[in-house]
Amino acid sequence: MEILYPSDLVKTEFEKVQAQFFNHFKRKVNNYKIEVSYREDKKLIKKQETKRDIFQKYVEINPVLKDLDELMKLDLS
């Protein structure tokens, strides 16, 4: 079994509960020979999109929105 984690912080937090988790899991599946390996996977990190990022995507679709933004001085921060 391979556990993927996005950062060392997440791995550290998981290590705090892993013994209890795996003991319960192994008992539920009735398999005590499960081996666990860890691998860092940066693709699991999801970027939080801001209102400005979303607006920029729409500007690519419809450039008139940029003119509207300049005219109305929208606050998208």
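Throughout, read-outs are computed from the coordinates displayed, never taken from laboratory work. What you see is a predicted model; the values in this text were computed from it and never measured. Quick reminder, even Gly has a Cβ in these numbers, built from the backbone with ideal geometry, and neighbours come from all protein chains shown.
Just check region 5-47 against the gyration tensor rule for me: Cα atoms, a ≥ b ≥ c as the square roots of the eigenvalues, rounded for a/c under 1.5, and otherwise prolate or oblate depending on whether a/b exceeds b/c. Taking the square roots of the gyration eigenvalues as a ≥ b ≥ c, region 5-47 is prolate. Computed from label points 7 Å out along Cα-Cβ, the spacing between Q56 and A19 is 4.6 nm. Extents of the chain, largest first, come to 66, 22, 21 Å (Cα atoms, principal axes, whole angstrom).
Projected label points at V29 and V64, each 7 Å from Cα along the beta carbon direction, are separated by 5.6 nanometres.
Derived scalar couplings between HN and Hα for region 23-38 equal 4, 5, 4, 4, 5, 5, 8, 6, 9, 9, 9, 6, 9, 10, 10, 10 Hz in order, rounded to whole Hz, by the Karplus curve 6.51 cos²θ - 1.76 cosθ + 1.60 (θ = phi - 60°), x for Gly and Pro. Computed from Cα atoms, the angle from the helix 51-61 axis to the main principal axis of the chain rounds to 60 degrees.
With a cut-off of 11 Å on the backbone N, the residues of region 24-46 near the modelled label site 7 Å out from I3 along Cα-Cβ are 36-39. Spin-label pair K73-S37: with each label point 7 Å from Cα along the Cα-Cβ axis, the two points sit 5.9 nm from one another.
Taking K and R as +1 and D and E as -1, what net charge do the other residues with C-beta under 12 Å from the C-beta of L4 add up to? So the environment of L4 carries a net charge of +1.
A straight Cα-to-Cα reach below 22 Å connects K66 with the lysines K51, K57, residues fewer than 8 places away in its own chain not being considered. Only helices enter this figure: runs of n ≥ 4 DSSP H residues, each worth -39500 (n - 2.57), summed and divided by the residues of the chain, yield -17500 deg cm²/dmol at 222 nm to the nearest 500.
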